[in-house]
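Engineer: Here it is, the structure, as structure tokens.
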Amino acid sequence: MSPVAIGPYSVGPYAIAGIAVGVVLLVASLAWAALRTRRVVKIETPDEVADAAQAHLPGFAVAGAVVGADGQGALAIADDGRVAAVKRIGNRLAVCEVAWRTVRATHEGILVETGDRALGAVMLTKVDVLDIRRLAPKGVRV
């Protein structure tokens, strides 16, 4: 094969093939990076929530935990009636102890207004008040 003239430059067929392969690899790596960053990491189990709450809050002995249906928010309730909101931020779990009065029911589920700028509001989708009452210790009024 003979070289191809591109403007004032003479380019051989192997150079064109190399450029094409380079472009394909660049597009594939950009697509892979975009898909990797868009993957949503969920809170999988109540045990994961309990471990995070006990690790972040001193003296917090978890009696029960509940995770929202979308896996983005959760609540952990201690033996002594304290409650912690847990939210996935990136690859880590952020934990914040909140008062019971900040936990309220909505049509979508349970909403916890933490008052923490980093954590924000925590939504437990498809979790209702009965689920929270089952977890609360006997002496705590929900």
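The values are calculated or read from the model by the stated rules, or taken from the named source; none is laboratory data. All values derive from a computational prediction rather than experimental measurement. Counting neighbours? That spans all protein chains shown, and the Cβs are built from the backbone with ideal geometry, glycine included. Note: accessible area is taken over every heavy atom of the protein model, side chains too, but ligands, DNA and RNA are not part of it. Shrake-Rupley method; radii C 1.70, N 1.55, O 1.52, S 1.80 Å.
Engineer: In whole percent, and with a 1.4 Å probe on the protein chains, what portion of the accessible area of the chain is carbon and sulfur? Provide the component values of the computation, followed by the final result.
Structural biologist: On the way: 5530 of 9280 Å².
Answer for the chain: carbon and sulfur cover 60 percent of the accessible area.
Engineer: Let me ask something else. Which value does Rg/Rh take for region 49-111 over its C-alpha atoms, Rh per Kirkwood?
Structural biologist: Numbers: Rg = 11.2 Å, Rh = 11.8 Å.
My calculation of the ratio gives 0.94.
Engineer: Compute the longest continuous run of the chain that contains no exposed GluC sites (Glu not before Pro); treat a site as exposed when its DSSP state is not H, G, I, E or B and it has at most 14 other Cβ atoms within 10 Å. Could the numbers behind the result be given before it?
Structural biologist: Numbers: sites that count: Glu44, Glu108.
My reading of the result: 45-107 is the longest stretch.
Engineer: Pairs of Cα atoms under 8 Å, at least six residues apart: use those to get the relative contact order of the chain, whole percent.
Structural biologist: Details: 227 pairs, mean separation 23.8, N = 142.
Once normalised by length, the contact order is 17 percent.
Engineer: Among all the aspartates and glutamates, which ones have a C-alpha under 13 Å from Lys126's C-alpha, if same-chain residues fewer than 8 places away are not counted?
Structural biologist: Those aspartates and glutamates meeting the cut-off are Asp70, Glu108.
Engineer: Another question about this same structure. Can you tell me the 0 to 90 degree angle between the C-alpha axis of helix 13-38 and the longest principal axis of the chain, rounded to 10?
Structural biologist: Taking Cα atoms only, the helix is inclined about 10 degrees.
Engineer: May I ask which residue of Ala20, Gly81, Pro46 lies farthest towards the positive end of the charge dipole of the chain, with charges of +1 (Lys, Arg) and -1 (Asp, Glu) on Cβ and the Cα centre as origin?
Structural biologist: Sorting the options by dipole projection puts first Ala20.
Engineer: In what sequence, largest accessible area first, do Thr45, Thr37, Thr114 appear using a 1.4 Å probe?
Structural biologist: Working: Thr45 60, Thr37 115, Thr114 25 Å².
Sorted descending by solvent-accessible area, the residues read Thr37, Thr45, Thr114.
Engineer: Let me ask you something else. Roughly how many Å² is the accessible area per residue of the chain, as a whole number, for a 1.4 Å probe? Intermediate values should be presented prior to the final figure.
Structural biologist: Values: 9280 Å² over 142 residues.
Each residue of the chain exposes 65 Å² on average to a 1.4 Å probe.
Engineer: Follow-up question, since we're still on this one. So what's the gap between the Cα centers of region 10-88 and region 96-138, to the nearest angstrom?
Structural biologist: Between the Cα centre of region 10-88 and that of region 96-138, the gap is 22 Å.
Engineer: For the chain, take the longest principal axis of its alpha carbons; what is the angle in degrees between that and the long axis of helix 46-56, to the nearest 10 within 0 to 90?
Structural biologist: Long axis of 46-56 versus the principal axis of the chain: about 80 degrees.
Engineer: Could you please put Asp116, Asp47 in sequence from largest to smallest accessible area, using a 1.4 Å probe?
Structural biologist: Details: Asp116 65, Asp47 110 Å².
Final ranking, largest accessible area leading: Asp47, Asp116.
Engineer: Work out the length of the dipole vector of the chain about its Cα centre, built from +1 on the beta-carbon of each Lys and Arg and -1 on the beta-carbon of each Asp and Glu, and round it to the nearest 20 debye.
Structural biologist: On the way: 16 positive and 13 negative charges, 45 e Å.
Approximately 220 debye in magnitude.
Engineer: At 222 nm, what value in deg cm²/dmol follows for the chain if DSSP H runs of at least 4 each add -39500 (n - 2.57) and the sum is divided by all its residues, to the nearest 500? Can you show the working numbers first?
Structural biologist: On the way: 3 runs with 44 residues, N = 142.
Rounded to the nearest 500, the figure is -10000 deg cm²/dmol.
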